[in-house]
1. Check Val117 against each of (1) touching a residue at least 12 places away in the same chain (Cβ under 8 Å); (2) more than 26 Å from Thr49 (Cβ to Cβ) and name the one condition it does not meet.
2. What residue, of Pro128, Pro135, Pro94, Pro122, is over 29 Å from Gly25 (Cα atoms) and either in contact with a helix residue (DSSP H, G or I) (Cβ under 6 Å, 6 or more places away or on another chain) or not β-branched (Val, Ile, Thr) (or both)?
3. So, in segment 57-94, exactly how many residues are part of a loop (DSSP other than H, G, I, E, B) and surrounded by fewer than 21 Cβ atoms within 10 Å (Cβ to Cβ)?
4. So Glu75 clears everything in (1) acidic (Asp, Glu); (2) in contact with a strand residue (DSSP E or B) (Cβ under 8 Å, 6 or more places away or on another chain); (3) farther than 30 Å from Leu190 by Cβ except one condition, right? Which one?
5. Condition test on Gly25, is it of a type outside the set (D, E, K, R), in contact with a Pro (Cβ under 8 Å, 6 or more places away or on another chain) and either in a helix (DSSP H, G or I) or loosely packed, with under 14 Cβ neighbours inside 10 Å (or both)?
6. Just one of Gly48, Gly38 is farther than 23 Å from Arg147 by Cβ and at pLDDT 90 or above; which is it?
7. What number of residues in segment 31-56 are among the aliphatic types (A, V, I, L, M) and either in a strand (DSSP E or B) or without any contact (Cβ under 8 Å) to a residue 12 or more places away in the chain (or both)?
8. I need the full set of residues from segment 152-171 which are of a type in the set (D, E, K, R) and either under 13 Å from Ile129 (Cα atoms) or within 19 Å of the chain's Cα centre (by Cα) (or both), in order please.
Amino acid sequence: MSGQKAVTPSAEGLAASVRATKTRGLPPVHLWNPPFCGDLDIRIARDGTWFYLGTPFGRPELVKLFASILKKEGEKYYLVTPVEKVGIRVDDAPFVAVDFDAEGQGRDQILSFRTQVGDLAPAGPDHPIRVERDPETGEPSPYVLVRTNLEALIDRKSFYRLVDLGCHHDGWFGIWSGGQFFPIIPSGDLDGI
């Protein structure tokens, strides 16, 4: 490919592109399929901290801006604009659910989760909760689906609050939200805890 210059993505260029296309609400990243331009040295840590070249982002507005164009394809994460797509690394889930509000009780209960970047996800059929347990330690890692293929790790304090709202149903201990029961742990396993 003589005569053509290789495209090297930059965080600054990507941010400018996002600002140029930003409208009310979240951009329609599911409709965008631009060419892959390479990987950026951006990493989202398990605690939700974003890093660029090993340094934490200092501006929350920039994190929110980039979070609005985050997309997952298969097991890879990308920042996507109408004209470019760049790969980034995510240690666990791209978001952290830092709090939630509970309205109602039992089957009528609705749990609305808020992420570190301001997304709201009312748990239910469109935003399911799942809990993974570490096979060695049994330690739970709870998640809620925030947007298409993008989950939030539910932080520890919120998870403890969820457990306080839990009940037993069909042999499982779990929680209700949006008319759906989300299992946390088999009821029989609680005897050893």
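The values are calculated or read from the model by the stated rules, or taken from the named source; none is laboratory data. What you see is a predicted model, and the numbers here were worked out from it, not measured in a lab. For neighbour counting, all protein chains shown are included, and Cβ atoms are generated from backbone atoms with ideal geometry for every residue, glycine included.
1. The failed condition is (2).
2. The match here is Pro135.
3. The number of residues fulfilling the criteria is 11.
4. (2)
5. Against the criterion (of a type outside the set (D, E, K, R), in contact with a Pro (Cβ under 8 Å, 6 or more places away or on another chain) and either in a helix (DSSP H, G or I) or loosely packed, with under 14 Cβ neighbours inside 10 Å (or both)), Gly25 does not qualify.
6. Sole residue among the options that is farther than 23 Å from Arg147 by Cβ and at pLDDT 90 or above: Gly38.
7. 4
8. Passing the criteria: Asp155, Arg156, Lys157.
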